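The values are calculated or read from the model by the stated rules, or taken from the named source; none is laboratory data. Predicted model only: the values in this text are computed from it and were never measured. Backbone-built Cβ (ideal geometry, glycine too); neighbour counts: all protein chains shown. Just so you know, the surface numbers come from the protein's heavy atoms only, side chains and all, with ligands and any DNA or RNA stripped out. Shrake-Rupley method; radii C 1.70, N 1.55, O 1.52, S 1.80 Å.
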Amino acid sequence: MLEVQDIYKTFNPGTVNEKRALNGVSVTLNDGDFVTVIGGNGAGKSTLLNAIAGVWPVDRGAILIDGQNVTRLPEHKRAKFIGRVFQDPMMGTAASMQIEENLALAARRGESRTLRAGITKAERETYRELLKILDLGLEDRLTSKVGLLSGGQRQALTLLMATLKKPKLLLLDEHTAALDPKTAAKVLDTTEKIVQRDRLTTLMITHNMRDAIAHGNRLIMMYEGRVAIDVSGEEKRKLTVEDLLAKFGQVSGSDEANDKLLLS
Ligand SMILES: Nc1ncnc2c1ncn2[C@@H]1O[C@H](COP(=O)(O)OP(=O)(O)OP(=O)(O)O)[C@@H](O)[C@H]1O
Ligand SMILES: [Mg+2]
């Protein structure tokens, strides 16, 4: 479903701020893979997701989504394949619009239909059913303005919108990091339900090693712009935080400062 072939990205080349953020990343995701991504600050996790989404072109290498080479496709042309949720609960939804209007916009993505013709009764019923999976009672608040929702409710709604059209790829960049622990756990639970229900191929960045271990069928750790660790199958199922720290120690040369970063 996703092939990332030896990609490189350097920001601000030739300046004092030059930074090689991706240093030869290769990773292949099979259909339905749910991959958790960990790594210290600045390891290149967000940059990898941005490269896949096409926020800017990579310097070298290729990216294929479902067999199609998208390396030179601009972001808006890749958007129809990709659902994204970021850390900031304010980002994925329109505050001044109603819940059902937000969902209708997500449903019309990539189509010429606008909201002007209104939302049909059938659509409204569909949204009501979809919202039930969140278990937040939003199905009874279809016409509430999104700006009135809590961060967790907004993030859950963003997740629903990002997955409404069953994307070929779901990219989650610390989408629960800004929420309180209880709300984060709930949104993560919903993520798991939706990913399983639709068998979505997913990359989920998290700073929480326990979450990274508990979710998905595969875990990768990034370090200095590369995939340093890639664990799947039985090994992933048996993985502990101690195993991960030991592996990270090997990769980073037991650098204590980096261990701390990883845990932060
Ligand atoms: N648009 C940009 N312009 C300049 N430098 C950037 C840009 N995006 C990322 N970088 C740099 O690239 C490196 C990798 O950043 P990235 O955001 O991918 O890290 P990360 O693994 O997501 O870290 P974190 O856990 O802190 O989110 C960092 O040094 C960062 O400062
Ligand atoms: Mg990041």
Could you please tell me which pairs satisfy a Cβ distance under 8 Å, a separation of 6+ or placement on different chains, a first residue in segment 227-241 that is hydroxyl-bearing (Ser, Thr, Tyr), and a second residue that is open to solvent by less than 60 Å² (accessible area, probe 1.4 Å) and part of a strand (DSSP E or B)?
Ser232/Arg218; Ser232/Leu219
Anything in segment 37-53 that is closer than 17 Å to Gln5 by Cα, open to solvent by less than 10 Å² (accessible area, probe 1.4 Å) and not aliphatic (A, V, I, L, M)? List them, or say none.
Gly44
Quick one: count up the residues across segment 16-36 that are outside any strand (DSSP E or B) and either surrounded by fewer than 14 Cβ atoms within 10 Å (Cβ to Cβ) or charged (D, E, K, R) (or both).
6
So in segment 54-74, with the set limited to residues that are on the phi > 0 side of the Ramachandran plot and outside any strand (DSSP E or B), which one is least open to solvent (accessible area, probe 1.4 Å)?
Gly54
Hey, Glu101 hits all of (1) open to solvent by less than 20 Å² (accessible area, probe 1.4 Å); (2) among the charged types (D, E, K, R); (3) at pLDDT 95 or above but one; which does it fall short on?
(1)
Does any residue of segment 6-15 turn out to be more than 30 Å from Thr190 (Cα to Cα), aliphatic (A, V, I, L, M) and over 14 Å from the mean Cα position of the chain (by Cα)?
yes
Might you check whether a residue that is more than 9 Å from ligand 1 (Cβ to nearest atom), on the phi > 0 side of the Ramachandran plot and touching a strand residue (DSSP E or B) at 6+ places or on another chain (Cβ under 6 Å) occurs anywhere in segment 30-49?
no
Wholly enclosed strands (runs of 3 or more DSSP E) of segment 147-262 bearing at least 2 residues at pLDDT 95 or above and surrounded by fewer than 18 Cβ atoms within 10 Å (Cβ to Cβ)
226-232
Index of the failed condition, Lys77 passing every other in (1) away from ligand 1 (no atom under 12 Å from the Cβ); (2) surrounded by 13 or more Cβ atoms within 10 Å (Cβ to Cβ); (3) not in a strand (DSSP E or B)
(2)
Among the candidates Ala62, Ala122, Ala106, Ala95, single out the residue that is at pLDDT 90 or above and closer than 13 Å to Met161 by Cα.
Ala106
Search result, residues across segment 43-55 that are within 16 Å of ligand 2 (Cβ to nearest atom) and touching a residue at least 24 places away in the same chain (Cβ under 8 Å)
Ala43, Gly44, Lys45, Ser46, Thr47, Leu48, Leu49, Ala51, Ile52, Ala53
Here is a check on your reading of the model: is Asp140 within 24 Å of the chain's Cα centre (by Cα) and open to solvent by 60 Å² or more (accessible area, probe 1.4 Å)?
no
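Is it the case, given these coordinates, that Gly83 is within 29 Å of Asn208 (Cα to Cα), open to solvent by less than 20 Å² (accessible area, probe 1.4 Å) and away from ligand 2 (no atom under 16 Å from the Cβ)?
Working: within 29 Å of Asn208 (Cα to Cα): yes; open to solvent by less than 20 Å² (accessible area, probe 1.4 Å): yes; away from ligand 2 (no atom under 16 Å from the Cβ): yes.
In short, yes.
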